[in-house]
Structures are given as structure tokens and as C-alpha cells.
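Inspection log for the structure reproduced underneath, given as C-alpha cells.
The values are calculated or read from the model by the stated rules, or taken from the named source; none is laboratory data. No experiment lies behind these values; they were computed from the predicted model shown. Cβ placement follows ideal geometry from the backbone for every residue including glycine, while neighbour counts extend to all protein chains displayed.
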Amino acid sequence: MVLQLTRFLLRLSPDWLGIRLIRTLAARTQRPRITEVQQHAMARADRLHYGPDGQHAAWVWGHGPLVVLVHGWNGRAAQLAPLALDIAQRGFRCVAIDITGHGSSPGQRTAWACFIDDIAALSQSLGQEVYAYVGHSAGGLAMMATRALKGIRAQRYVCICAPSHPFPPIDVIRARLRPRTSLLDLYKRHIARQFQASWEELERGRAYMEAGSDLLLFYDEADRLVAHGEGDRIQRLAPGARLTKTTPYGHTKVLSAPELAEAVGAFLLPHAGLARAA
């Protein structure tokens, strides 16, 4: 009923009102439940606070070179907790962030700008050079974009089921709300402004430029939200990037895949060993 009413309102509303409605609906977030395995991993973590008001939450495991983990849209740090614990047991300090509107951080809404600003704010607050960033879905795209927008840097980047550009919310809105083309174009511009780019620049994969051999791409062939072909496309945009695929986990369950933990560990450890020796 609500969905039908929204579609009706979008058909009748002028563009300025329709885009406000779309932006409001798209910004709402949901907090997934924490599974037993995730709870076990979270119980091993310490909580820390970040952000200008100190109300945002992140979670810390282990000691060593710093690895920052970023969840996806409508995700939470707990989804990455088992992976963070595994990485920490290999000799790293892992910090998993809760972005604005997610997990234990405040708010019921979020935006791409929240991801970008929060990743930068957490990174700057940790008092340690970041060795690697690991991001899932929207978190992977956002952390790659934050390199140019906020100047964050690391020796290693891992993108798990990340899109080449921010098309998933466009696809969801198109499928659920069926807005006219002019409203979708306005929403694309709204997203692009948060990346300080045009939509056309985002489509060309601007966020991944110059990542090269510092980048590991991990995708699942059963993913229905971000097709595994996105990994191939990003690899072409970042020559030298490593690409691994699994099946049949899907978009979120892949975070618990043992293949992912092994691939990330193998990607992080050799270079970290050199860094420690230095």
C-alpha cells in the first residue's frame, strides 16, 4: 500500500518535490540483526568512539599494522567482525567502523557523503598510519573514493563485492518506485555531488584509478546486488589488481566465506612483513 502510494505521488509531483521524496526514502537505513557467529567475534572487540561529537562507534581487535574495515549500505561493523577477528589473529590491529545511520552509530539516515566523511574521520582519529582498507559493497566504493576526496592512503586495499560506481541505489529506486527518467537523472546528480564529480565520471570508474597491484577484488558469482562482472570491469580500470571469485555465497554471506579470509590474509601478510621489518 505504501509503495503504491509513493509511486502515485511521484507520478503527480513536480520534479523538485519528487526528488525530495526519493532522497528522503533512499537515505533511510536498516540495521540487520547480529548473528551468533558475529556476536562471538564482537565479544572479542573493544569499542572506541570517533567523529566530532564522539558519538560514532567503531570496534577494535588485535595489535600490529592497522587495517580499517568498512561495511556496506544497510550493513554494520558486526558483519565484518569475523573477518576482522581472523585478520587480527594474523598479527594486525583491525578497526571496523559503524557509519552514520548504521550499527551503534547515531542516526536513522545516511548518505554517500556520510561514508566518505566517516571513513576519513575515523582514519584521522586512530593515531596510526593505515596499512590497509577493507570494504564491502558501498563501503568498498566509498573507501576508494575517499582516497582522492580526503587524501587517505594505504599500502593495500580490498574491495569485496563493490560496485564500479554508485549504481545499486539507482537500480533499486528504478525497480521499486518506477520514477520518470527526469527524477532518476536528478538523483544521479545528487549522488555525484557527494563524490564531487559528474555521474559520467563516476560511471567511468573514477574511484578506482591508480589502485593497480595494491588492490584485491573479491566477488561472488551468486551475488544478485552487485554482479561479479563488476570485478572484471574494475580490474580493467586498475591494471595489476588481483581478482578472486567464489560461488555460491551471495552478496552478504560471502563475508563469512573461508575463501575470503584466506585471500585477504594472503594479500595483506607479505607486504606487512616487509613493513614490520623496516
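Those helices (runs of 4 or more DSSP H) of segment 181-278 in which at least 3 residues are in contact (Cβ under 8 Å) with a residue 12 or more places away in the chain and hydrophobic (A, V, I, L, M, F, W, C), considering only elements entirely within it, cover 181-194, 258-277.
Every condition in (1) at pLDDT 95 or above; (2) more than 16 Å from the chain's Cα centre (by Cα); (3) not charged (D, E, K, R) is met by Gly212 except one, and the failing one is (1). Restricting attention to segment 177-210, the residues being of a type in the set (Ser, Thr, Tyr) and on the phi > 0 side of the Ramachandran plot number 0. When Val172 is tested against (1) farther than 24 Å from Gly212 by Cα; (2) outside any helix (DSSP H, G or I), just one condition goes unmet, and that condition is (2). Among the residues making up segment 45-79, those that are crowded, with 24+ Cβ neighbours inside 10 Å and of a type in the set (A, V, I, L, M, F, W, C) are Ala58, Trp59, Val67, Val68, Leu69, Val70, Trp73, Ala77, Ala78. What are the residues in segment 113-124 that are surrounded by fewer than 21 Cβ atoms within 10 Å (Cβ to Cβ) and in contact (Cβ under 8 Å) with a residue 60 or more places away in the chain, if any? Passing the criteria: Ala113, Ala121. Checked against the criterion of being in contact with a strand residue (DSSP E or B) (Cβ under 9 Å, 6 or more places away or on another chain) and charged (D, E, K, R), segment 23-30 has at least one qualifying residue.
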